[in-house]
Structures are given as structure tokens and as C-alpha cells.
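Some notes on the structure that comes next.
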Amino acid sequence: MPPETPDQRQTPDQQQKLQTLDEAFASHSDADEAVVDVEEPTQQLVIFRSGGQRFALPGSAVNEILPSDQPVYYVPGLPTSTEGVLHLRGRVESVISLHQLLNLPPPDGEPCGVILLVSAAGMRSGVRIEQLDDVCEVPQSALQSPPETMPTALRPYVSALWQVDEQHALALLDPEALFSAYQEGLG
Amino acid sequence: MADPRHSSEQPTQARVALVLFQVADYRVALEARHVLSMTDHPNTPRTSAAQALLYEAPLCETPTSPPSTPPTSWLTLRDAQGQWQLGVNGEITLQQLPATSLYPLPALLAARRFSPALCGFAFDQKQLVLLLDARKLAPIC
């Protein structure tokens, strides 16, 4: 008597679950996962910390990231939010701090951290930040309108909010709004 | 006749004549053509110390202002009302700095400067020099 094959030992219900090899492999494919549209527009963000908070500036507005040892010359007769000027490759650029404008706690001691050279509203200036975190590309669709709950001091200068994960979000700053407000005497 | 385009002479570097002096801890310069004379003591009725004009408001002294230092020299300037004298400190020198070493005030700072006369910067031996437009200086009293 020939030995019983495995199929012959299975009930009719079990037999209905049998698949071909191709079907079995297909179940491991990514076909059911979300399709990533590689053509989706992205925006480059320069992510940094200032006053202990995380912010971003559009990468298109940041011309250069200058090292912390870049000499900055103090200039008298300017508001405390102006750190001074720097001399860079045949140009003199201002260096400002965003703490007062964004209502952030002032830094302790001497200015430290890198300087972002930012262009906006037809102007260029160094912006002192405490720490550079990352430069990355994010999908435009990941940038949301700032919520109504955003602090009043930040609202005029935030163009979008990026919800990095469930617990963390960061504000994308509008460099034109920052420079215009600074020129108007704020901060 | 030699073609000037192929001259072996180096092109002349444009320079600007400046009178440099000290205001508290800072080197400051005025265009020399606006300085009529220099004296040790004021001899015109209208005078002002440079420090007061640069970063001290008479009723609103900023916390970053250094303590006032009495002027040791007086530069005679002229405005629409006639001659007046600017009190300055330190060694006073006449220098011709290369035009390429003079930089206008960055746009972002122009709106926030205490003194409208602050018009730019120069670097002399790696030291910052504040450039003043003498035409925008005016005595306080």
C-alpha cells in the first residue's frame, strides 16, 4: 500500500489554503505598502537649535554654514540682538541673533555655535544659532500650516510646521519675515 | 606708440584719504576732505564728543556704551550752520586706505544703527575701523 501523501491527510478546508510558490512569494512583496511617489516635490531644510528649541530654515535661503571660530567684530551703537559683523571673502556681513525676535531665553555667556549665512528680502546676514542638527529633504506634503496654538511671538515668523514624529514637531521659519521685522526695529 | 592696454605698469589702486582716531575702545575714521583742522582745545561754540554721537543717546544711554572719556583732540567740521568741532581721543592719523578695503554698512544694520553717520567698515591691520559719514554728523547742542 503506498504511503499517504500530506495532501491526503488534510481536510478540505486546509486544502483550500494551499498556494502555489508564486502566490506564497507574492505575499511577501511590498505590493500592499504605500506607494512612494519619487516625483513628489521636496524642500531642503536646515535644522538647528536656538534657545533650546528646534527650528528650521529653508535650505534655499541658507548660503553657507560658517564655523564657530569665525571672527565676529562687535560694533557699538547697535541693538543687543546684533552680535557684530564678519569679514568673509571680500564682503562684510552682519551677524544677528534671533533670541529677542522669537522671544527665546538669552544665551548664557559669550556667543557660541555656528553662523548661518542667510539671504532673504534682498539682504544677507549671518544668523547665530546654538547648534546645527541636520540638513535634510522633506516632502512638501509633510509641511503643515502652523497651528492656532502656536505661541504669539513665533506666529509671524513661522511659515510651516513639520511633524517629525508623534512627539516632535519643528517650526519652519520664514527668513523674509525675520529680516523685515528686524529692520522694522523688532528684536 | 605703446598700446596702453599692454602697459607693463600696474593699474593704480584707488585709495581714500581718511582721518583715523579713537572713540573709547574703537578705531573710527572720517573722510579727510571733510576735516578742516585739528586743535587740542575746542574753539568753536558748537561742539560734541564723538562718543555721544556714535552710541550714546543723551537721555537713553545703552547698557553696552563704554564709560565716557573726555576728548583729547578736536576735529573741525562744517555743516549748514557753519563750523563745529568733534571731540575725539587717541592717536590721530591720516591714512590712505585702498578703496577695496572699505565696506558699506550691511543693509540689515542700516535701519538699526544708533548713529545715521555710521556708514561702513574698514579693516586696518586686521582691526575693525568704523567709517563715519561726516555729512551726517551733527553736534547735539
Legend entry - A:Val135 being more than 9 Å from every other protein chain (Cβ to nearest Cβ) and either in contact with a Gly (Cβ under 6 Å, 6 or more places away or on another chain) or open to solvent by less than 60 Å² (accessible area, probe 1.4 Å) (or both): no
Inset, instruction - Considering only residues that are surrounded by 17 or more Cβ atoms within 10 Å (Cβ to Cβ) and more than 27 Å from A:Asp108 (Cβ to Cβ), look in the stretch A:122-132 and name the one that is nearest to the other protein chains (Cβ to nearest Cβ). - result: A:Met123
Legend entry - Candidate set: the stretch B:98-126, residues that are in contact with a Phe, Trp or Tyr (Cβ under 9 Å, 6 or more places away or on another chain) and more than 7 Å from chain A (Cβ to nearest Cβ); chosen: the one surrounded by the fewest Cβ atoms within 10 Å (Cβ to Cβ): B:Pro104
Inset, instruction - Read through the list (1) within 14 Å of chain B (Cβ to nearest Cβ); (2) open to solvent by 10 Å² or more (accessible area, probe 1.4 Å), then give the number of the only condition that A:Leu98 fails. - result: (2)
Legend entry - Lone qualifier among B:Val28, B:Val23 - being under 25 Å from B:Ala99 (Cβ atoms) and at pLDDT below 95: B:Val23
Inset, instruction - Return the total of residues in the stretch A:79-95 being more than 8 Å from every other protein chain (Cβ to nearest Cβ), closer than 20 Å to A:Gly122 by Cα and among the acidic types (Asp, Glu). - result: 0
Inset, instruction - Check A:Pro76 against each of (1) touching a Pro at 6+ places or on another chain (Cβ under 9 Å); (2) within 9 Å of chain B (Cβ to nearest Cβ); (3) in contact (Cβ under 8 Å) with a residue 12 or more places away in the chain; (4) not hydrophobic (A, V, I, L, M, F, W, C) and name the one condition it does not meet. - result: (3)
Legend entry - In the stretch B:127-141, residue farthest from the other protein chains (Cβ to nearest Cβ) [restricted to those that are open to solvent by 30 Å² or more (accessible area, probe 1.4 Å) and not charged (D, E, K, R)]: B:Cys141
Inset, instruction - Collect the residues in the stretch B:86-114 that are polar (S, T, N, Q) and either under 12 Å from the mean Cα position of the chain (by Cα) or part of a strand (DSSP E or B) (or both), keeping them in residue-number order. - result: B:Asn89, B:Thr93, B:Gln95, B:Gln96
Inset, instruction - Check the stretch B:60-73 and report whether any residue there is farther than 30 Å from A:Val127 by Cα, buried (at least 16 other Cβ atoms within 10 Å of the Cβ), touching a helix residue (DSSP H, G or I) at 6+ places or on another chain (Cβ under 9 Å) and at pLDDT below 95. - result: yes
Legend entry - Single condition B:Arg135 does not satisfy, out of (1) touching a His at 6+ places or on another chain (Cβ under 9 Å); (2) more than 12 Å from B:Glu31 (Cα to Cα): (2)
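Would it be correct to say that B:Gln83 is in a strand (DSSP E or B) and more than 15 Å from the chain's Cα centre (by Cα)?
So B:Gln83 passes the test.
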Inset, instruction - Out of the residues in the stretch A:138-158 that are within 25 Å of B:Ala111 (Cβ to Cβ) and surrounded by fewer than 18 Cβ atoms within 10 Å (Cβ to Cβ), state the one that is nearest to the other protein chains (Cβ to nearest Cβ). - result: A:Pro156
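The values are calculated or read from the model by the stated rules, or taken from the named source; none is laboratory data. None of the values given here were measured: they were computed from a predicted structure. When we count neighbours, we look across all protein chains shown, and the Cβ atoms used for this are built from the backbone with ideal geometry, even at glycine. Note: areas computed on protein heavy atoms with side chains; ligands, DNA, RNA excluded. Shrake-Rupley method; radii C 1.70, N 1.55, O 1.52, S 1.80 Å.
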